[in-house]
Amino acid sequence: MASQIWITGYGIVSAIGVGKDAVLRSLLSSSTGISSLRYLNTSHHEFPVGEVKMDNGEMASCLGIGKTEPMNRTALMGMLALQEALQEAGLSADGIGLISGTTVGGMDKSEQYYLDYLQNDSRNDYIKIHDCGATTELMADCLGRFAFMTTISTACSSAANAILLGANMLRSGELPCVVVGGSECLTKFHLNGFNSLMILDKDLCRPFDRSRAGLNLGEGAAYLVLENAEHAVARGVKPLAVLSGYGNACDAYHQTASSPDGDGAYRAMSAALRMAGMDASQVDYVNAHGTGTPNNDSSESAAMRRVWPGNMPPVSSTKSFTGHTTSASGAIEAAICLLAMQHRFLPPNLHFADADPDCVIPVSQLRTGVELRHVLCNSFGFGGNDTSFLLSKPEAGSKLAFLAKEGEVKVYAAKCIAAQNSLAPLCQFPSESLETPFQRAADPDFKGYMPPLEARRLGRLMKRAVVTSKEALSEAGLEMPEAILTGTGLGCIETTEFFLDSLCKEGEQLLKPTCFMQSTHNTIGSAVATQIGCHGYNVTYAHKEMSFDSALYDGVLQLRLGDIRTVLVGGHDELTLSYYKLLEKTGFLGLEGESACEASTSFVLAADGCLDARPLCVVKGIRLLYCPEERALRQAIGCLLADAGMTMSDLSGVVLSVNGNADHDAPALALCRALFADVPLLHYKHLFGESYAASGLGFYVSVACLATAKIPDALYLDPARRSHVAPKALMLFNTTDNKCCSLTLLSQVKTE
Amino acid sequence: MEDLIPYLKKEIIEVLNLNDITPDDIDEDASLFNEGLGLDSIDALELIVFMEKNYGIKLSNPNEGKEIFKSIRVMAEYIQTHRTK
Amino acid sequence: MVIKLSDNVYSPLGTTTLANYEAVLSGRSTLRPYTLPNGASYMASLFPEEQRQDGDLTFFERLCIASASDAIARSGIDASSPKVRFFLSTTKGNVHLLDRRNRQRYDADRQLLASAASVVSRHFGNPHPPVVVSNACISGLSAQIAAMRSVEAGVCDVAVVIGCEVHSEFIVSGFQTLHALSSDECRPFDKDRCGLNLGEAAATIVLASDARCQGTKDRRWVVTGGVMCNDANHISGPSRTGEGSYRCLQALDIDKEATAFVSVHGTSTVYNDEMESIAIDRAGLAQVPIFSLKGNYGHTMGAAGVLETILSMQAVEHGVVFGTRGFHALGVSRKVNVSERHTTTDKHCFVKLMSGFGGCNAAMSFAWEDGDKPLEREGGSLGLADVAEGMHAVSLTPDRVSVDHRALPHQGKGHELLLELYRNQMGDYPKFFKMDELARTGFIASELLLKVSPKSDYNILLFNSVSSLADDIAFQKTIDDKENFFPSPALFVYTLPNIVTGEIAIRNRFQTETNFMVLDKGETVDCLVMGEQAALSAQRGPVLTGWVDCWDKDRFHAVMLAVPKGTDAATITKELVKNINPMQ
């Protein structure tokens, strides 16, 4: 079956205006929103920035939010844009999905209150809204009851990748309608980070110009409503544009720099065109990533010249208007492209004066009255996470394949570094409960897994990710996966914390660029890609305890769609003592004297018949839900079982996310008993500890049980239910914070 | 000057996290980047921070680094003549 | 508060403001006799032939740029900034390019007003679409009023208002066939006056928000008021009671004691000067000195409002009331105080008055004030949306007509559609058959719209892209052949786009402000400008606004909105975009 993905609404908040009307006005008058600093409290006044011209109070009052609630700027901007998008589409949040991209999350507040976090309890509320996933939930909860939610964090391509996941969900029929995009506010943290990388220009940025000397940072948010055509027609809604194709590829070259020939960019653009079934010559305009750094613009130009060896379509970078809005940029630029298509103009690349032989020559003057049938929008991120998508006028859009492939998704390898488990075989996992509240992982010897010169640039967590990935691939007998999906709640928190600590204690100078580079969540997944040379689809999820589940969900989705045949899925989080103390004092993750741990898990999944290795188990299905009522959970469980041709009695156990804290576990246990009647309940966190990436451990444990045909005694919550019968199927139920939850159904591999 | 070279080697190993390399492994006249030690642009940025922190030498253009970080000896000479602390 | 930053007058009398002031003071003029192909002779103040040749730029464009360059340089502004907007006041722009012999080197659309204006604004690197005000003889004041309001409301910080007119056979033969031209030097308000002289000039005034020079104590020119009113009487003849001009003067609330003079229109036609004297007398200004500059410059049409404002400013700054060159004995029915010779004054305010075809009138007041005078006049702002409802819309194309987005059933197409609509929907206004196609299109749209809109006296502000092109081409045909040179007076009257606003005002007796602006193509970028300008007018009262374009009798496009008072720019823009291109 083939159908179209329609865009039926969008909203935008940026330096050139809050709302589409204001943005359109600025674009058509070639007025840049980049100016000297006004809102961000930093000493770096030498850098022009693209700030949204409203303070937090003004935004909150626009949204009708009280001053006392803990809020961060990313969430406030996001809400304004989300509201506009939903309004235009004529939808409420109820029952639809939200996929948001952000990297900064609540860092604006954390850098403001960091010293309070350490010294007193006055700002504890803000610790809870520090991370990316919490920021997404914060904005979503103010607008209604979304049915699905996750957060993508691939640095500057985050919002673009949110569009991709949303489109894949529509294509596989998971939901008829999703809101996708991103939000990112300016912070001292990343302003100083970019400054430490010496890629900020003290003048207005000049993408593609010979004299370009760096980027100007910006901030903003934008969201698009993606809807499958049938659903929109049924509602009587017309498309504003059609999403005709998209591609995601990894440059796999360097942590921050792009390859000279723009390999990842070329692959992403080509993939988008291929998916749309279009020839490059049909593209009427390219909205380039065009940050204004010498490296990006020449690399992107090289890639564009490969896609268009002959006539180049008009190109411009609208970052000359908005500044580089980092994680939000993909959606902000999509919104600008939509405005350009609807209102028939080519947005100019401001401040371009002098052509660079290494670069394309962009459109430097506004052109109106231009028919834009197909527009390609580029969005690239640190770590070479490159994404391109193609937007078309409604009458010109492509149809995309909307179908699920027959055949099963199987797990072929599972590797783990957590607590005492250091790459142990599946049959040996810890059987003793932990004693210490703060559980560092027992690292293997990393030597031999990666060249020393490269290893020194990788933090502990990245090394663990590389090692578990390489081990998993080797176990599955797979040289190169077609996709790498990573889940991490906090990313490399050790270096992030180091950078924040120096920033807050020593001031805005002499900060280490290496630490900043490692503060982006996707640095883990891109390090894995670089180490194994994988140019395939590469996305990182950062949604609290759902990070790994989201990565797994995306992997299964794409395998089912037949877009990929093999995938490497990982869940990785580390812990520092001081972050542990923050978690403990806020009672977050349910930690009150309970153990916290570090966890790195990597899995190889593949469509049936693609790998020669012996499969460990079958993934029958996975569902992610947001704040479901009991009825919705029942329905989801019923569907999962029915789709797998199973009933409740086929389940050998339900693997729970309880962590031993009685208060925290009580509601989850009550719910499970109601939902799963007398299926034995299993738990695993008492063996490893609690972590944002713990659900990866849950998955690891479940895979191990099914692969070894045995559920160890230590897993049973109720010793009386112990059984030595080989398990047939397990349901993983992750509901750590009683908001996001996931259900994953695994079964044993049938022997013939 | 001759004191500075071994000191620099030690510091660079520390700053750039060059595990497993001893000061003796680094030839003070060999190129730090590309064929020699194989450092890259991020290392150059780290060295720029190092220069400012330890010697009060401010480099605002990453391209200046290319000349100054040619080898340990060139670097030492540059520090000798430009240091403000 | 809106102040003047700088100015320039570029005329056959001199290329700077000061040179022009001195020329007027010494009583000079460059009026010379010329002859038309049909042998008719006329007096005009024209630039010498050697300066008039078209090059990469047309003569018209060069004049605009020359004048604007000087004014911009004196103002110290960066004209390429998005905070600056350009307004061009002209009636006919590059109309001489309609003559095939003049056209060769240019693109076909160069004759369009917006194309010429874009050449000028792009020369200065300005990113906005320039606004061409083409409101017959009052264009120069209409443009300044639009500019003043734009600055007050924060649409821009600085407005560069250029007025320019050059003459060709097109204009001259038109006026000649209306018997409006005098073969002698004109004599404003004189008993022996017998018609006008045409003149060429460019003039530029740079207006800005006073925030730009707060703190300076130097005297500066402040725009203290600007009003437009239509006579709602006749499209080419002035009102016998001076209704529109009288209402303008009344609305300005003039302090007689502080007013140095009224710089009047004084074209030296029998009817204009008579009408003005009545209006001035009725407004209680009979004692205030008045003068006309037409005796020095002739009628510089689109440039006149700007040029005469600037020279009046010079007069006040020098403590002078100009004499009226050509005036000797009062020849109007009311005893107005026509200044015959230069006299002195110590007053610091003046009024500029003008009227034009289409029944439009305008008056502006200016004051030369101390810099430290406290702020009194607070400008409005375009504000946020509060009146979204209450707007009505009509869309009219050759094969579709809709009222408030509902299609109206019909049989005819194109020209026939207009006739059908007239017969079925109105039928009581035979003047309709005298109208040209542009006026018919606008008229029908307005009739349909007013049927569904609340009763009120609407201001009228219409826009299009081709001005009066269909009539321009038709009129040009009557003068193409030098052997068969019979310019048509009936056609010439309609070669001003603002006639359509006059027709609507007359039909409905709207003695309100009427104005016409020409933009590029009706793209969204133009709709934004339309929304802004319409919102500025809507601050003063309800407005009929929209797009009325006509290429020939079967090809037209009208989108007209009835906009309630106080509606904001974004709401109007949105409605315009929705109606002008329903696909967007």
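Values quoted throughout were computed directly from the atomic coordinates according to the rules given, and no laboratory measurement underlies them. In this text, all values refer to a predicted model and were calculated from it rather than measured experimentally. Note that we place each Cβ from the backbone using ideal geometry, even for glycine, and neighbour counts take in every protein chain shown.
Taking θ as phi - 60° and the Karplus parameters 6.51, -1.76 and 1.60, the scalar couplings of segment C:316-324 work out to 4, 4, 8, x, 10, 9, 5, x, 9 Hz in sequence order, x denoting glycine and proline. Scalar couplings 3J(HN,Hα) for segment C:453-458, obtained by applying the Karplus form with A = 6.51, B = -1.76, C = 1.60 to θ = phi - 60°, are 9, x, 5, 5, 8, 8 Hz; x denotes Gly and Pro. Around the amide H of residue C:320, modelled in the peptide plane, lie the amide H atoms of C:345, all under 5 Å away and 5 or more residues distant in sequence or on another chain. Taking Cα atoms only, the orientation of helix A:630-643 departs from the longest principal axis of chain A by about 80 degrees. Look at the alpha carbon pairs under 8 Å that are at least 6 residues apart: their mean separation over the length of segment A:149-289 gives a relative contact order of 19 percent. Averaging the Cα positions of each part gives two centres, and for segment C:287-343 and segment A:103-131 these lie 72 Å apart. Working from label points 7 Å from Cα in the Cα-to-Cβ sense, the residue C:34 to residue B:61 distance is 5.9 nm.
In order along segment C:96-111, phi translates into HN-Hα couplings of 4, 6, 5, 6, 3, 5, 8, 8, 2, 7, 10, 4, 4, 8, 5, 6 Hz, rounded to whole numbers, per the Karplus curve 6.51 cos²θ - 1.76 cosθ + 1.60 with θ = phi - 60° and x for Gly and Pro.
Only helical DSSP H runs with n ≥ 4 go in: add -39500 (n - 2.57) per run for chain A, normalise by residue count and round the 222 nm mean residue ellipticity to 500 deg cm²/dmol.
Numbers: 24 runs with 262 residues, N = 752.
That calculation yields -10500 deg cm²/dmol at 222 nm.
Proximity of backbone amide H atoms, modeled 1.01 Å from N, is registered between residue C:515 and C:460, C:461, C:462 at under 5 Å, excluding neighbours fewer than 5 places apart on the same chain. Of A:316, C:453, A:158, the sequence from fewest to most neighbouring Cβ atoms within 10 angstrom is C:453, A:316, A:158. Using alpha carbons only, how many degrees (0 to 90, rounded to 10) separate the axis of helix A:73-89 from the longest principal axis of chain A? Taking Cα atoms only, the helix is inclined about 80 degrees.
Bridging of residue C:482 to aspartates and glutamates at a Cα separation below 19 Å is possible for C:99, C:169, C:472, once same-chain residues fewer than 8 apart are set aside. The calculated FRET efficiency for the pair residue A:635 and residue A:673, based on their C-beta separation and a Förster distance of 22 Å, comes to about 0.75.
What do the square roots of 5 times the Cα gyration tensor eigenvalues come to for the protein assembly as shown, in whole Å, largest first, as semi-axes of the equivalent ellipsoid?
For the protein assembly as shown, the ellipsoid semi-axes come out as 72, 35, 27 Å.
Averaged over peptide B:38-49, the number of partner chain Cβ atoms lying within 10 Å of each residue's Cβ comes to 5.
Shielding of peptide C:241-249 by partners, expressed as the average count of other chain Cβ atoms within 10 Å per residue Cβ, is 0.
Among C:3, B:21, a tally of other beta-carbon atoms within 10 Å of each Cβ gives an order, fewest to most, of B:21, C:3. Each of C:532, A:471, A:227 has some number of other Cβ atoms within 10 Å of its Cβ, and from fewest to most they run A:471, C:532, A:227. Averaged over peptide A:25-31, the number of partner chain Cβ atoms lying within 10 Å of each residue's Cβ comes to 6.
For segment A:364-452, which GluC sites (Glu not before Pro) are both in a DSSP coil and crowded by at most 16 other Cβ atoms within 10 Å? It would help to have the intermediate numbers written out before the result.
Values: sites: A:371, A:395, A:406, A:408, A:432, A:435; in loops: A:371, A:406, A:408, A:432, A:435.
Loop-located and lightly packed - A:371, A:406, A:432, A:435.
If you plug the beta carbon distance of residue C:99 and residue C:257 into 1/(1 + (r/R0)^6) with R0 = 60 Å, you get a FRET efficiency near 0.70. Straight-distance candidates among the lysines for linking to residue C:434, with alpha-carbon spacing under 19 Å and chain neighbours fewer than 8 residues away dropped: C:553.
Excluding same-chain neighbours fewer than eight residues apart, the lysines reachable from residue C:217 by a Cα-Cα span under 24 Å are C:4, C:347, C:373.
Note on chain C: the alpha carbon radius of gyration divided by the globular reference 2.2 N^0.38 Å gives 0.90. Checked against a 19 Å cut-off, the cross-linked pairs A:53/C:578; A:620/A:750; A:728/A:750; A:544/A:581; C:294/C:477 give Cα-Cα distances beyond that limit for A:53/C:578; C:294/C:477.
Calculated on the Cα set of segment A:1-156, radius of gyration then Dmax: 17.0, 59 Å. Among A:650-661, C:221-232, sorting by the average number of other beta carbon atoms lying within 10 angstrom of each residue, highest first, gives C:221-232, A:650-661. Summarising the label geometry, the points placed 7 Å from Cα in the beta-carbon direction at residue A:709 and residue A:723 lie 1.6 nm from one another.
With a ≥ b ≥ c taken as the square roots of the eigenvalues of the C-alpha gyration tensor of segment A:614-725, please select rounded if a/c is under 1.5 and otherwise prolate if a/b is larger than b/c or oblate if it is not?
Details: a/c = 1.33, a/b = 1.03, b/c = 1.29.
It is rounded, given that a/c, with a ≥ b ≥ c, falls under 1.5.
Spin-label pair residue A:371-residue B:7: with each label point 7 Å from Cα along the Cα-Cβ axis, the two points sit 7.3 nm from one another.
Size of the dipole of the protein assembly as shown about the Cα centre, Lys and Arg at +1 and Asp and Glu at -1 on the beta carbon, nothing else charged, in debye to 20? List each step's numbers first, then the result.
Values: 124 positive and 165 negative charges, 636 e Å.
Taking the Cα centre of the protein assembly as shown as origin, the dipole is about 3060 debye.
Taking the centroid of alpha carbons for each part, segment A:366-380 and segment C:196-257 are 44 Å apart. I'd like the distance separating the alpha-carbon centroids of segment C:405-471 and segment A:502-556, in whole Å. Cα centroid to Cα centroid, the span is 64 Å.
Report, to two decimal places, the Cα Rg of segment C:388-583 normalised by 2.2 N^0.38 Å (N = number of residues). Walk me through the intermediate numbers first.
Details: Rg = 16.3 Å, N = 196, 2.2 N^0.38 = 16.3 Å.
Cα-based Rg divided by the globular estimate yields 1.00.
In this structure the amide hydrogen of residue C:226, modeled in the peptide plane, comes within under 5 Å of the amide hydrogens of C:365, none closer than 5 places in sequence on its chain.
Among the listed pairs A:188/B:70; C:451/C:574; A:128/B:53; A:188/B:58, which have their C-alpha atoms separated by more than 29 angstrom in this model? If you can, show how the numbers build up before the last one.
On the way: A:188/B:70 33 Å; C:451/C:574 22 Å; A:128/B:53 35 Å; A:188/B:58 21 Å.
Those over the limit are A:188/B:70; A:128/B:53.
Compared with the dominant principal axis of the Cα atoms in chain A, helix A:577-586 is inclined by about 80°.
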